[in-house]
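Working notes, structure below.
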Amino acid sequence: MDTLFLDAPFTGKVELCTETITYLKTHNITCIGLYASVQFVNNLDTIKSQLAKLNITIISSKADRTHVTSQLLGCDSELNALNLSSSEFNQIQSFLYIGDGRFHPYALVYAQKDLIATDVKPIICNDPISKKHTLTDINIIKSILRKYRASLMKFLVAKTIGVIVTIKPGQEHLKASYRLETKFPDKKFYFFLDDVVSFNQLENFPFIDVWVNTSCPRVGLDDQEKFTKGAINLNDAFMVREVLSKESVLMKI
């Protein structure tokens, strides 16, 4: 069956609330990394005008798998997925996220987990619907990162690995996951295919020591507590020793 996906833009006014403007002024922010969810990304003109009046430079990018500049996907939880150059990232003092909910701005937090603490940028969240201002930083996901680090360590010594593969378009990475067998010949891999990640079914396979998630990377992060044996994402599995050796926020928490 053919499927047609359409954007559903917010039709209300999209602007910075008073609290966000005050925060930008009092913290002497002069350079912002601007991103928004799909509902708001095509209606940022007022935001940009307000930032210009505050003499704030705007830096943005077209992230992987997005349609337009400044659009943010919740699964873009790796910094290189934003396609920012090193010089652009270094200029940014804070990220400014325009949208509601926490799923999307948390992606900007996860994207910085491999940086050292002094390099991590806070995220200013401005919700055009509720007209509320909130802040998000690495501290809000500390407990998740602790569990994730433990899962990385567990993967290193595990002998039996369960690899979760979904058949959803854009999230199916079966061929890539087969390379794990070459990378880690001392481990036994079992591949589980489904259209969704069925957490309630994982306990039916008690012989699995740890899981590798190959679908949306947020499953391997946000849903750590649902994996009783622990889980890591596919990209980190390939570079597990490098990740564990980094002097990063992840390894300092």
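The values are calculated or read from the model by the stated rules, or taken from the named source; none is laboratory data. These numbers come from a predicted model, not from an experiment. Positions of Cβ are generated from backbone atoms using ideal geometry, with glycine treated the same way; all protein chains shown enter the neighbour counts.
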>> I'm checking my understanding of the structure. Among residues of the range 232-253 that are under 18 Å from the mean Cα position of the chain (by Cα) and either assigned to a strand (DSSP E or B) or small (Gly, Ala, Ser) (or both), which one is farthest from residue 111 (Cα to Cα)?
In response: 237
> Which number in (1) touching a Phe, Trp or Tyr at 6+ places or on another chain (Cβ under 9 Å); (2) more than 19 Å from residue 175 (Cβ to Cβ); (3) modelled with pLDDT of 95 or more marks the one condition that residue 224 misses?
Replying inline: (3)
>> When you check residue 40 against the structure, is it assigned by TED's automatic domain parsing to the domain that holds residue 116, in contact with a Gly (Cβ under 6 Å, 6 or more places away or on another chain) and aromatic (Phe, Trp, Tyr), yes or no?
In response: yes
> In the range 220-231, is there at least one residue being loosely packed, with under 15 Cβ neighbours inside 10 Å and either in contact (Cβ under 8 Å) with a residue 60 or more places away in the chain or more than 23 Å from residue 107 (Cβ to Cβ) (or both)?
Replying inline: yes
> Filter the range 110-160 for residues that are closer than 30 Å to residue 181 by Cα and assigned to a loop (DSSP other than H, G, I, E, B); which is farthest from the chain's Cα centre (by Cα)?
Replying inline: 159
> Mind checking whether some residue in the range 201-208 is at pLDDT 95 or above, assigned to a strand (DSSP E or B) and hydrophobic (A, V, I, L, M, F, W, C)?
Replying inline: no
> Could you list, in sequence order, the residues of the range 161-199 that are among the hydroxyl-bearing types (Ser, Thr, Tyr) and in a strand (DSSP E or B)?
Replying inline: 166, 190
